[in-house]
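Input: a single structure, listed below in structure tokens.
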Amino acid sequence: MKRGALMAAAAIATLVAARPAAGYVRYTSDGGKMFKWPQSCVVMQVFPEDLVGMMSRSEIMGAIEASAGAWSKGSNSCTYLDIMVSSSDAATPRAVNDGHNNVVFRTETWCKLNAKNDCDPSVAYDAAALALTSVSASTTSGIIRDADIEVNAHHFSWTDLVMHPDLRGAGQSFHDLQNAVTHEMGHVIGLDHTCYLQPPAPLDDMNVPIPSCSSASDAVLATTMFPSANPGDVDKRTLEADDIRAVCEIYAVAADPMTCAPGADDPGGCGGCTTGGTPKTALGGFGLLAAVALAARAKLRRRRR
Amino acid sequence: MRASLRFSVAVSLLLIGAAAPARASLVLALDLPTMVTRADNVAVVDVVSVKAGWDADHEQILSTIDLVVVDSWKGSAASGTHLTIVQPGGTVGDLTQTVHGMTRFVPGERAVVFLTGRPEHASVVGMAQGKRIVARDAATGRFVVHAPDKAGATFIRSTPASGSSPVFDLRARPLDDLRADVRALAVTKAAPAPAPGAKPVTPNGRTR
């Protein structure tokens, strides 16, 4: 019996060893540079007003704050990254590369908006998309300059399924906002999938080719390794081990740049840009910090002169 | 001992399943009938070129993909005609804009595409679900259609409580088989395509 147990243990060890790598994968630019924010904190501005007919304001902000918090230092002491969320009652902006990172809810239309806020007839958004995340980064450095999340509330219904468990289950088609936005926040910080469908297989953080999604067994398809979820899913609200390792290695606390000034290391970035105006915001803390940092820098320059 | 063995196996399997992939844009999974119904053109195409440039407002990068039709399965695009896809994302100079879930195209590749919209401004149905690479199978010599490139998208099932069903067909299929299925679906007077999501109803019953 003891020998049998050893053999079973060995079989399990082999199974684990043979299992495709489950490392994390980072997005890379066409220049081969990995996407990364250069500063300690990433500010996401939320425009909840458009969704208040579907969820309460506190539910919306609670969902977005929790999604951001899942990837932030408050939940993961090994990282310096802090995704700071604030709300705004200003007019909902468009998802463009303007140096402002926005979370917007699209209720009236689901399309690319032009400068006049009309749908661009030449570019359609697919009605099957629940949410889209657009990330703009430097091709040569990989430094992220802008990220926007657009939630499709034109075709889909959103709620907090933990607060409203009656909306889960057969016959219901509500989607959990926090569940979805936690996914999108993974993109915002520069992460990619860990399985592929068309060769060549990308390498994960351990330089191991990531596993193929298409050759996965039915058992694997049913596991969390397969990137799918049902309506009503709330499992993705919380990070898994690889997600945590990703944020903790890419944004390791020991490498904290100790600045919240965006674009500090990115000459072509948006460190000082003011495109799109400044919406009304509850961003006092960040604004103050940035102002103090800029004042200190100016003072230092004056002293050097 | 048997109990402890079972425990070990359970713990090990839990550990195996514990690591989840990084997450991505969410897209509703569409089955083949829905894909065909929603597509204005379904065809085998060759990717001629992919060009990125700024939009008219110089705010967003758009990619324009030129396709030439090899074999039309649905729609009026004859063999040899061109179809053009315009979609957000691409690289211009030192700026790379990524819209997660958008389909990736590479010049020279051959694929089955499900397109909606006008031939000069088409978009891919179901985002990355609407493009499937065609290649010759080394073992059989037959052309096969590969699973869709999800390009960063996370697909979800369209109906709740269907946990055991596959999200969509992930396995490669012989080209001839898929062509027959698509053509049969295209000529069938299909019911109107189901709404992509739920009818927007608020938790307290209000409609938008």
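Throughout, read-outs are computed from the coordinates displayed, never taken from laboratory work. Keep in mind it's a predicted model, so treat the numbers as computed, not measured. With ideal geometry, Cβ positions are generated from the backbone for all residues, glycine too; neighbour counts draw on all protein chains shown.
Okay, here's what the table says:
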{"read-out": "Gain upon complete extension [A:Ser77, A:Ala252; 0.36 nm per residue less C-alpha separation]", "value": "62.1 nm"}
{"read-out": "Computed over region A:63-169: relative contact order in percent, which uses C-alpha pairs under 8 Å that are six or more apart", "value": "24"}
{"read-out": "Footprinting exposure proxy for B:Phe114, A:Phe47, B:Phe105 (fewest neighbouring C-beta atoms within 10 Å first)", "value": "A:Phe47, B:Phe105, B:Phe114"}
{"read-out": "log₁₀ of I(q)/I(0) at q = 0.17, 0.20, 0.22 Å⁻¹ - region A:17-97, Debye sum with one point per alpha carbon", "value": "-0.90, -1.04, -1.11"}
{"read-out": "Footprinting exposure proxy for B:His100, A:His175 (fewest neighbouring C-beta atoms within 10 Å first)", "value": "A:His175, B:His100"}
